[in-house]
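The values are calculated or read from the model by the stated rules, or taken from the named source; none is laboratory data. Predicted, not measured: the structure shown is a model, and the values here were computed from it. All Cβ positions, even for glycine, are placed from backbone atoms using ideal geometry, and neighbour counts span all protein chains on display. In case anyone asks, the SASA skips ligands and DNA or RNA and just uses the protein heavy atoms, side chains included. Shrake-Rupley method; radii C 1.70, N 1.55, O 1.52, S 1.80 Å.
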Amino acid sequence: MTKDDVPPMTESQIDVTHEDAEPAAPDLEREGEIAADYLEELLDIADLDGDIDMDVEGERATVSIVGGDLDRMVGRDGVVLDALQELTRLAVHTSTGMRSRLMLDVGGYRAGRRSVLTELGTRTAEQVKANGEPVRLAPMNPFERKVVHDAVAAAGLRSESEGEEPGRFVVVHPT
Amino acid sequence: MLDEALEHLVRGIVDHPDEVSVRDRQGRRGRTLEVRVHPEDLGKVIGRNGRTAKALRTVVGALGSERGVRVDILDVDER
């Protein structure tokens, strides 16, 4: 076969090349390390006790500050936590040049919300199955809606987000 | 402590960290932290629709024990 006879790349070949070009795991670990350094120094300056745990969940880096009295770093409805997460993502972006979807947790706040919202999603799905009518839930942030969608899907029903931020909410539909 | 915390938070998100400085001013209407950054970093520190500036104010507000610390963002040429 001469050079001119090289067949065009198939789609699967293109996909493989693409995946090789962007190794997911090492970048996420680096994101976690940059974030941990940024937060560690903040805790030092503010004289706050807390340990930093890093992990990779699915396709995002997760960083948790645990221990100590961290309530004020969470704030009402998690507003301080969300602000800190935003700044931490920017710090990662400044270092790597890549947008980060890093998830920050403080004092187990998001973990706690996750279990409450999973329960809400499961219970709402049961209710919709029983009544056959769609149910609208209260407005939630993107993280919270994702948790509810996952719980509804696990219960075998379909849900969608409707409305505009920050009033966007989940609707659970009967099958 | 607050000025140092703010300086650290801002240094981490700009392209010219060595040009970040924070001045702590006690005025008649309370305490103000003035952050100065390289002009090219001003947009980054303010963010789209002031989102980043708001995040900085929220975190500084949470760290401060007193109520109502102002955070002003300026470029290095502003007095």
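Things worth noting here:
- Checklist (1) surrounded by fewer than 13 Cβ atoms within 10 Å (Cβ to Cβ); (2) modelled with pLDDT of 85 or more; (3) away from every other protein chain (no Cβ under 14 Å) applied to residue A:60, failing item: (1)
- Of the criteria (1) open to solvent by 30 Å² or more (accessible area, probe 1.4 Å); (2) at pLDDT 95 or above; (3) more than 8 Å from chain B (Cβ to nearest Cβ), which one residue A:49 fails: (2)
- The listed residue being more than 20 Å from the chain's Cα centre (by Cα), under 21 Å from residue A:113 (Cβ atoms) and not hydrophobic (A, V, I, L, M, F, W, C), out of A:136, A:158: A:136
- Residue, nearest to residue A:34 (Cα to Cα), within the range B:1-49, restricted to residues that are within 13 Å of chain A (Cβ to nearest Cβ) and small (Gly, Ala, Ser): B:12
- Taken over the range A:84-95, the residue count meeting the criterion of being facing another protein chain (nearest Cβ under 8 Å), within 16 Å of the chain's Cα centre (by Cα) and open to solvent by 10 Å² or more (accessible area, probe 1.4 Å) is 2.
- Residues of the range A:66-77 classified as within 13 Å of another protein chain (Cβ to nearest Cβ) and within 24 Å of residue A:33 (Cβ to Cβ), total: 3
- Any chance residue A:152 is part of a helix (DSSP H, G or I) and in contact with a His (Cβ under 8 Å, 6 or more places away or on another chain): no
- Pick from the range A:96-110, criterion of a type outside the set (Phe, Trp, Tyr) and in a helix (DSSP H, G or I), ranking: farthest from the other protein chains (Cβ to nearest Cβ): A:110
- Taking the criterion of being in a helix (DSSP H, G or I), closer than 17 Å to residue A:156 by Cα and of a type outside the set (Val, Ile, Thr), the residues of the range A:111-137 that qualify are A:117, A:119, A:120, A:121, A:123, A:125, A:126, A:127, A:129, A:130, A:131.
- In the range A:25-45, the residues that are within 14 Å of another protein chain (Cβ to nearest Cβ) and more than 13 Å from residue A:104 (Cα to Cα) reach residues that are in a helix (DSSP H, G or I) and open to solvent by 30 Å² or more (accessible area, probe 1.4 Å) with C-beta atoms within less than 9 angstrom, at least six apart or across chains, in these pairs: A:45/B:4; A:45/B:7.
- Any hit, the range A:102-110, residues being touching a strand residue (DSSP E or B) at 6+ places or on another chain (Cβ under 7 Å), free of Cβ contacts under 8 Å to residues at least 40 places away in the same chain and among the β-branched types (Val, Ile, Thr): no
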